[in-house]
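Notes to accompany the following structure.
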Amino acid sequence: MIDLMETVKFQAEYAYCIDSDELESWPDFFTADGLYRITNALNEKRGMPIGIVHAAGQPMMRDRITSLRKANVFEAHRYRHLLSLPRLLGNGRAVTGFMVVRIMHDGTTDLFATGEYHDVITEDAGELKFSERVVVMDSERVDTLLAIPI
């Protein structure tokens, strides 16, 4: 059974990994075959499985980070996550609200995204891992390249 405080700590470490630009460690938060998907609330409500980002398994996630570091061209920025307490639904499922603030290289700070994480969390060798993380953004609009994981 997944404990609330363990879940809070796990999710805080996830957010810190992204916010501190330790993106090479990001896939390690998932099981080997874990799913990471970003969509919006309307598409999720309609049952439309295609999202903005879809990565099935750690190899796809590692490829995304390699592309971000070596191939993608975008204006330098970083994120700061603010998370609600997770609502544990049983069977390793959790829903957690989030806000992501984007800080541009010139210091401009904007609210970038709000929404919920819909997670399936499992224990793998004594560590919590996401077997599924669906990022459900409140807005249908993303105003710039979504390069960094949310």
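The values are calculated or read from the model by the stated rules, or taken from the named source; none is laboratory data. Remember, predicted model here, so these are calculated numbers, not experimental data. Here Cβ is always computed from backbone atoms with ideal geometry, including for glycine, and neighbour counts include all displayed protein chains.
Here are the numbers for the structure shown:
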read-out: Residue that is modelled with the lowest pLDDT, among those in region 72-84 that are of a type outside the set (K, R) and surrounded by 13 or more Cβ atoms within 10 Å (Cβ to Cβ); value: H77
read-out: Counted residues, region 66-92 - those being hydrophobic (A, V, I, L, M, F, W, C) and without any contact (Cβ under 8 Å) to a residue 60 or more places away in the chain; value: 5
read-out: Pick from region 30-55, criterion under 22 Å from Y16 (Cα atoms) and free of Cβ contacts under 8 Å to residues at least 24 places away in the same chain, ranking: surrounded by the most Cβ atoms within 10 Å (Cβ to Cβ); value: A55
read-out: Test: residue in region 58-77 that is assigned to a strand (DSSP E or B), within 17 Å of E116 (Cα to Cα) and not aliphatic (A, V, I, L, M); value: no
read-out: Pair list, Cβ < 6 Å and 6+ apart or interchain, from region 17-29 residues that are touching a residue at least 12 places away in the same chain (Cβ under 8 Å) and buried (at least 16 other Cβ atoms within 10 Å of the Cβ) to residues that are hydrophobic (A, V, I, L, M, F, W, C) and not in a helix (DSSP H, G or I); value: F29/F130
read-out: Among the residues listed as T96, T108, T114, the single one being of a type in the set (V, I, T), surrounded by fewer than 18 Cβ atoms within 10 Å (Cβ to Cβ) and either in contact with an Asp or Glu (Cβ under 9 Å, 6 or more places away or on another chain) or on the phi > 0 side of the Ramachandran plot (or both); value: T114
read-out: Residue check, R133 charged (D, E, K, R), surrounded by fewer than 16 Cβ atoms within 10 Å (Cβ to Cβ) and under 24 Å from A41 (Cα atoms); value: no
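Per-residue answers, yes or no, for (1) within 18 Å of L83 (Cβ to Cβ); (2) at pLDDT below 90; (3) touching a strand residue (DSSP E or B) at 6+ places or on another chain (Cβ under 7 Å):
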position	(1), (2), (3)
L111	yes, no, yes
G115	yes, no, yes
E123	no, no, no
E132	yes, no, yes
V135	yes, no, yes
D138	yes, no, yes
V142	no, yes, no
L146	no, yes, yes
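Condition check ((1) under 23 Å from S139 (Cβ atoms); (2) of a type in the set (A, V, I, L, M)) across all residues:
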position	(1), (2)
D3	no, no
V8	no, yes
L35	yes, yes
E44	yes, no
A56	no, yes
K70	no, no
E75	yes, no
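Quick grid of which residues meet (1) in contact with a helix residue (DSSP H, G or I) (Cβ under 6 Å, 6 or more places away or on another chain); (2) part of a loop (DSSP other than H, G, I, E, B); (3) small (G, A, S); (4) closer than 12 Å to I2 by Cβ:
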residue: R102; (1), (2), (3), (4): no, no, no, no
residue: D106; (1), (2), (3), (4): no, yes, no, no
residue: F112; (1), (2), (3), (4): no, no, no, no
residue: D119; (1), (2), (3), (4): no, no, no, yes
residue: E123; (1), (2), (3), (4): no, no, no, yes
